[in-house]
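Visitor: This is the structure I have questions about; it appears just below.
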Amino acid sequence: MTVERMMLIIDCQTTGISGDMLLASLVDLGADGKRIIDALYSCQDVVEWLRIREISFSEVSRSGFRAMMLNISYSGDGEHERSGSEVHDAIVRCCDHLALDGRARAFALKSIDEIIRAEARIHREDRSHVHLHEISSADTIVDIVGTALALQDLRLLDADVYATRVAVGGGYLTFSHGTVSNPASAILEIFKGRRFTLVGGPVEHELTTPTGAAMLVSLAEGSVDNYPAFECVNVGYGAGMHEFTSVPNVLKVVLGRRRLGSMHGMLGTDSVLILETNIDDVEGEHIGNMVERLMESSARDVSVVSAIGKKGRPSYILRVICDSQSMGTILDIIFKESGTLGVRVQECMRYVLPREIISVPMSIEGREFNVRAKVVRDGGGRVVYIKAEHDDVAMIARALGMPYRLAHSIINKGITSRLIGDSSG
């Protein structure tokens with residue numbers, strides 16, 4: 001049985017991402033623009049200071065490329081500065097008024113919370129008092145609520161979302177607090193501590209806005225260096241406000257599909273780093289010690305493969321799987337312990353089975369033990385995979401004076417009998 005899984009790639013590596021570009025790209029991808037426009041107009045009934053004069057989507061050209069653009073104008077006094085709590089409350093009211101489903105609502109509230117958190121930290125203000133200076137309050141509502149509606153309309157809130165590296169631009173920004181280098185502090189605060197790669201350029205202009213950054217981190221867990229494998233279903237293009245001469249100011253979103261086996265419904269996804277290097281002129285004891293140190297330093301897996309190097313010399317390929325938080329420590333160990341002069345690094349998306357660690361009481365040769373085991377169950381709760389923890393098996397083998405292989409067989413049979421019996425009963 002083949003299962004289809006939809007995915008969305010937000011390609012912001014060329015000219016970044018802003019709120020209006022993301023919304024426009026999703027409308028170009030197929031979201032119902034008229035329904036979104038009507039919904040945003042109706043939000044004025046619950047947010048008295050949201051005064052939309054006109055809103056539309058239109059096709060424009062950016063450096064010769066067709067793209068969709070959000071056009072919006074407001075009536076009233078043009079006030080753009082409001083407290084974060086006012087904007088947050090306005091988005092809550094809009095979500096309630098439009099009866100957004102739970103996932104769309106959660107996305108909208110997380111996006112505005114990201115902006116408020118960043119501004120509060122920058123200005124050392126309480127979240128309830130922080131003001132959103134250069135972020136137009138009305139634009140923020142339109143971009144966030146409109147995007148939530150578009151994602152709901154496209155049924156993409158359950159899709160796997162990937163982001164490319166994020167172009168932030170260059171040069172300087174001038175606003176109420178003076179002139180600062182680009183990217184501004186709010187952008188850095190939003191991305192801080194997250195697995196997104198930021199790249200400068202390719203123009204001296206602000207390319208990624210706080211609203212765009214906040215919505216991106218609310219949708220994707222990090223950035224990838226390359227597109228994952230997929231079947232292309234559709235592509236949407238969202239135009240930025242400015243026209244650049246050297247590069248099209250367009251955000252690209254790609255709707256994809258993956259066809260996988262029937263176990264796909266059980267699978268989760270995450271992103272890992274693969275560190276690899278070739279080493280030679282090193283003794284086996286050094287390799288063993290290095291593997292132990294790497295595993296003690298939060299490496300998820302370490303493997304060493306025999307190889308033939310330059311001039312026919314025997315060598316090894318060291319391969320380490322880790323996360324971004326532990327990469328610095330692991331690189332330090334590799335360089336110090338292996339003598340290598342370079343390490344290749346690749347980011348890789350992987351599918352993982354959800355697992356749980358359980359403790360199973362067992363009686364073996366008249367003695368009582370508690371054995372930890374990894375257990376994977378299918379959607380119906382049936383056990384599909386069991387593996388006793390190596391350290392517990394080794395401890396029991398030593399305690400009973402029996403070969404590891406025999407202890408492993410006895411323990412796994414006992415755990416399987418216990419769990420299969422429990423699930424069938």
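Visitor: Filtering segment 286-331 down to residues that are among the acidic types (Asp, Glu) and at pLDDT 90 or above, which residue is nearest to CYS348 (Cα to Cα)?
Guide: Applying the first criterion (among the acidic types (Asp, Glu)) to segment 286-331 yields 292, 296, 301, 323.
Now narrow it down to the ones that are at pLDDT 90 or above: 292, 296, 301.
Numbers: GLU292: 24, GLU296: 22, ASP301: 14 Å.
The selected residue is ASP301.
Visitor: Now for a different question. Go through segment 50-96 and give me each residue that's acidic (Asp, Glu) and in contact (Cβ under 8 Å) with a residue 12 or more places away in the chain. Write out each step before concluding.
Guide: Step one: filter segment 50-96 for residues acidic (Asp, Glu), giving 54, 59, 77, 79, 81, 86, 89, 96.
Scanning segment 50-96 gives GLU54, GLU79, GLU81, GLU86, ASP96.
Visitor: Would you confirm whether any residue within segment 85-99 is assigned to a helix (DSSP H, G or I) and either in contact with a Pro (Cβ under 9 Å, 6 or more places away or on another chain) or hydroxyl-bearing (Ser, Thr, Tyr) (or both)?
Guide: yes
Visitor: Another question about this same structure. State which residue is surrounded by the most Cβ atoms within 10 Å (Cβ to Cβ) when the search covers only segment 200-230 and only residues that are under 20 Å from GLU243 (Cβ atoms) and of a type in the set (D, E, K, R).
Guide: Only one residue fits best here, namely GLU206.
Visitor: Go through the residues of segment 281-295 one by one and say whether even a single one is in contact (Cβ under 8 Å) with a residue 24 or more places away in the chain and either out of contact with any helix residue (DSSP H, G or I) (no Cβ under 9 Å at 6 or more places or on another chain) or under 30 Å from ARG121 (Cα atoms) (or both).
Guide: Yes, segment 281-295 contains a residue that is in contact (Cβ under 8 Å) with a residue 24 or more places away in the chain and either out of contact with any helix residue (DSSP H, G or I) (no Cβ under 9 Å at 6 or more places or on another chain) or under 30 Å from ARG121 (Cα atoms) (or both).
Visitor: Which of the residues spanning segment 80-124 are closer than 17 Å to CYS43 by Cα and not aliphatic (A, V, I, L, M)?
Guide: GLU86, HIS88, ASP89, ARG93, CYS94, CYS95, ASP96, HIS97, ASP101, ARG105
Visitor: Looking for something closer than 12 Å to ALA167 by Cα and not assigned by TED's automatic domain parsing to the domain that holds VAL272 - is there at least one such residue anywhere in segment 214-222?
Guide: The answer is no, given that none of the residues of segment 214-222 is closer than 12 Å to ALA167 by Cα and not assigned by TED's automatic domain parsing to the domain that holds VAL272.
Visitor: Residue pairs, Cβ under 6 Å, 6 or more apart or interchain, first in segment 398-413 and over 20 Å from PRO361 (Cβ atoms), second part of a helix (DSSP H, G or I). List them.
Guide: Taking only residues 6 or more apart or on different chains, the pairs are TYR404/ALA397.
Visitor: Okay, next question. Applying the selection to segment 210-232, what residues are over 12 Å from the mean Cα position of the chain (by Cα) and assigned to a loop (DSSP other than H, G, I, E, B)?
Guide: ASP225, ASN226, TYR227, PRO228, ALA229, PHE230, listed by residue number.
Visitor: Condition test on VAL282, is it assigned by TED's automatic domain parsing to the domain that holds VAL345, at pLDDT below 85 and among the β-branched types (Val, Ile, Thr)?
Guide: Values: assigned by TED's automatic domain parsing to the domain that holds VAL345: yes; at pLDDT below 85: yes; among the β-branched types (Val, Ile, Thr): yes.
In short, yes.
Visitor: In addition: Report yes if some residue within segment 250-261 is at pLDDT below 90, among the hydrophobic types (A, V, I, L, M, F, W, C) and within 22 Å of the chain's Cα centre (by Cα); otherwise report no.
Guide: Narrowing segment 250-261 to residues at pLDDT below 90: 258-261.
Remaining after also requiring among the hydrophobic types (A, V, I, L, M, F, W, C): 260.
Remaining after also requiring within 22 Å of the chain's Cα centre (by Cα): 260.
For segment 250-261, residues at pLDDT below 90, among the hydrophobic types (A, V, I, L, M, F, W, C) and within 22 Å of the chain's Cα centre (by Cα): present.
Visitor: Further question on the same structure: As an exercise: evaluate MET349 against (1) hydrophobic (A, V, I, L, M, F, W, C); (2) touching a residue at least 40 places away in the same chain (Cβ under 8 Å); (3) touching a Lys or Arg at 6+ places or on another chain (Cβ under 9 Å) and give the number of the one condition it does not meet.
Guide: Just one mismatch for MET349, condition (3).
Visitor: Among the candidates SER315, SER338, which residue alone is of a type in the set (S, T, N, Q), more than 29 Å from TYR162 (Cα to Cα) and in contact with a helix residue (DSSP H, G or I) (Cβ under 9 Å, 6 or more places away or on another chain)? Explain how you work it out, then say what you get.
Guide: Working: SER315 fails: in contact with a helix residue (DSSP H, G or I) (Cβ under 9 Å, 6 or more places away or on another chain).
From the options SER315, SER338, the qualifying one is SER338.
Visitor: Looking at segment 317-333, is at least one residue in contact with a strand residue (DSSP E or B) (Cβ under 7 Å, 6 or more places away or on another chain), without any contact (Cβ under 8 Å) to a residue 40 or more places away in the chain, aliphatic (A, V, I, L, M) and under 30 Å from GLU276 (Cβ atoms)?
Guide: Looking for residues that are in contact with a strand residue (DSSP E or B) (Cβ under 7 Å, 6 or more places away or on another chain), without any contact (Cβ under 8 Å) to a residue 40 or more places away in the chain, aliphatic (A, V, I, L, M) and under 30 Å from GLU276 (Cβ atoms), one finds none in segment 317-333, hence no.
Visitor: Still on this model: Restricting to segment 182-198, and then to whatever is surrounded by fewer than 17 Cβ atoms within 10 Å (Cβ to Cβ) and more than 21 Å from ILE144 (Cβ to Cβ), can you tell me which residue is modelled with the lowest pLDDT?
Guide: The extreme case among them is GLY193.
Visitor: Output the residues belonging to segment 41-63 that are within 20 Å of GLY240 (Cβ to Cβ) and among the aliphatic types (A, V, I, L, M).
Guide: Scanning segment 41-63 gives ILE55, VAL60.
Visitor: What single numbered condition from (1) under 16 Å from the mean Cα position of the chain (by Cα); (2) modelled with pLDDT under 95; (3) among the polar types (S, T, N, Q) fails to hold for THR179?
Guide: Only one criterion in (1) under 16 Å from the mean Cα position of the chain (by Cα); (2) modelled with pLDDT under 95; (3) among the polar types (S, T, N, Q) is unmet by THR179, namely (1).
Visitor: Run LYS34 past the list (1) closer than 18 Å to ALA104 by Cα; (2) free of Cβ contacts under 8 Å to residues at least 40 places away in the same chain and report the number of the one that doesn't hold.
Guide: Every listed condition holds for LYS34 apart from (1).
The values are calculated or read from the model by the stated rules, or taken from the named source; none is laboratory data. It should be emphasised that the depicted structure is a prediction, and the values quoted were computed from it without experimental measurement. Positions of Cβ are backbone-derived with ideal geometry, glycine not excepted, and every protein chain shown enters the neighbour counts.
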